[in-house]
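The values are calculated or read from the model by the stated rules, or taken from the named source; none is laboratory data. The shown structure was predicted, so the numbers you read here are calculated from the model rather than taken from an experiment. A quick note on method: Cβ atoms are made from the backbone with ideal geometry, for glycine too, and the neighbour counts reach across all protein chains shown.
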Amino acid sequence: MRLSNNKPALFGLFVLVAFFLVALFAEFFAPADPSEIHLEEGLNGPSAHHLFGQDKLGRDILSRMVYGSRISLLVGITVVSISLMTGLLIGSVAGYFGGLLDEAIMRVVDVFLAFPGILLAIAITAVLGPSLRNVLIALCLMGWVGYARIIRGQILSVRELEYVQAARANGASPVRILSRHILPNIMAPVIVEATFGMAGAIIAEAGLSFLGLGVQPPTPSWGSMLAEGRQFLLLAPHLTTFPGLAIMLTVLGLNFIGDGLRDALDVRQQP
C-alpha cells in the first residue's frame with residue numbers, strides 16, 4: 001500500500017495513535033490531578049515536577065492538557081460520526097432519486113452553506129448556552145452538509161453505470177442498490193473528507209471554548225486553556241505555547257493522514 005511509503009502520512013498516523021492513547025488512558029499519563037490548586041505556585045514555568053509549568057492557579061498544565069485531549073477526541077469522533085451518517089442518508093436520497101426531492105434537499109444545503117460555519121456555530125451556542133453538549137449540537141448541525149454534497153455528487157456519477165442498471169433490472173430495491181452496489185464504490189473521498197472533518201471539529205471546539213462558548217471551567221479544554229493564558233502571554237508564555245502546540249500537532253497529523261489517504265485511494269495515481 002502506497003500509504004506506508006508516505007512519510008507525512010505515517011507521521012500523522014503516529015500523532016493520531018498517540019492522541020488516542022493519551023485521551024483513553026489519561027489517568028496513566030497525567031502526572032497530577034488536573035484540578036489540584038497551588039496558588040503559591042501560580043504561573044511557575046516548566047520544571048522537573050511540572051514539565052509544562054503551572055497556570056495562574058498553580059494547576060499542572062501537562063495534566064490539564066492530557067485530560068483536555070478527551071474533550072477534543074469526544075468532539076472529533078462524535079461530530080464526524082453524526083455528520084457522516086446524516087450526510088450519508090440525505091446525500092444518498094438526493095443523489096439516487098433526483099428530481100424535485102433532490103432540488104429541495106440541495107436548496108436546504110445551499111442555505112446552510114451560505115453562512116460561515118464558525119459564525120453559525122457561535123450563534124447556535126450563544127442561543128442554547130455554553131456547554132459541551134451544545135457545542136456538539138452546533139457542530140453537527142453544520143457538519144453534515146459537506147458530506148451530503150460529496151455523496152450526492154458521487155452517486156450522480158455512478159447511478160447510471162452498467163452494474164447499477166443490472167441490479168435495478170434484476171429487481172433489487174433502492175436500499176439494496178445503494179448499500180451493496182453504490183456506496184461501497186464511492187466511499188473513498190468520503191473517508192478522506194472525514195479525516196479533514198475531524199481536524200475541523202477539533203479546531204472549532206477549541207475556538208468556541210476560547211470564546212467561552214464551549215466547555216466550562218473547571219473542565220480542562222485546549223481552547224479554554226488558551227483563553228486563560230492569553231492575559232499572561234508575555235509573563236508566562238508556557239500557558240498558551242503548549243496547548244497551542246497540541247492543537248497544531250493534532251490537526252497537522254489528521255491533515256497529513258487525509259492527504260495520504262487521498263493519494264492512496266486515487267485510482268488515477270495508481271501505477
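Restricted to region 211-226, and to residues that are farther than 17 Å from residue 35 by Cβ and at pLDDT 90 or above, which residue is surrounded by the most Cβ atoms within 10 Å (Cβ to Cβ)?
223
Do we find a residue being in a loop (DSSP other than H, G, I, E, B) and surrounded by fewer than 16 Cβ atoms within 10 Å (Cβ to Cβ) anywhere in region 173-196? Please lay out each step first, then the result.
So in region 173-196, the residues in a loop (DSSP other than H, G, I, E, B) come out as 173, 186.
With the extra rule that they be surrounded by fewer than 16 Cβ atoms within 10 Å (Cβ to Cβ), the set shrinks to 173.
Looking for residues that are in a loop (DSSP other than H, G, I, E, B) and surrounded by fewer than 16 Cβ atoms within 10 Å (Cβ to Cβ), one finds at least one in region 173-196, hence yes.
Could you check, for region 111-119, whether at least one of its residues is more than 28 Å from residue 184 (Cβ to Cβ), free of Cβ contacts under 8 Å to residues at least 40 places away in the same chain, part of a helix (DSSP H, G or I) and out of contact with any Lys or Arg (no Cβ under 6 Å at 6 or more places or on another chain)?
Yes, some residue in region 111-119 is more than 28 Å from residue 184 (Cβ to Cβ), free of Cβ contacts under 8 Å to residues at least 40 places away in the same chain, part of a helix (DSSP H, G or I) and out of contact with any Lys or Arg (no Cβ under 6 Å at 6 or more places or on another chain).
Tell me yes or no: at least one residue of region 44-67 is small (Gly, Ala, Ser) and under 18 Å from residue 258 (Cα atoms).
Checked against the condition, which is being small (Gly, Ala, Ser) and under 18 Å from residue 258 (Cα atoms), region 44-67 yields no hits at all.
I need every pair where a residue in region 57-68 that is closer than 18 Å to residue 16 by Cα and free of Cβ contacts under 8 Å to residues at least 40 places away in the same chain has its Cβ under 6 Å from the Cβ of a residue that is assigned to a helix (DSSP H, G or I) and of a type in the set (A, V, I, L, M), sequence separation at least 6 or different chains.
none
Here is a list of conditions, (1) loosely packed, with under 14 Cβ neighbours inside 10 Å; (2) in a helix (DSSP H, G or I), and residue 160 meets all of them except one; can you say which number that is?
It is condition (2) that residue 160 fails.
Can you find, within region 247-260, the residue that is nearest to residue 197 (Cα to Cα) among those that are small (Gly, Ala, Ser) and crowded, with 23+ Cβ neighbours inside 10 Å?
253
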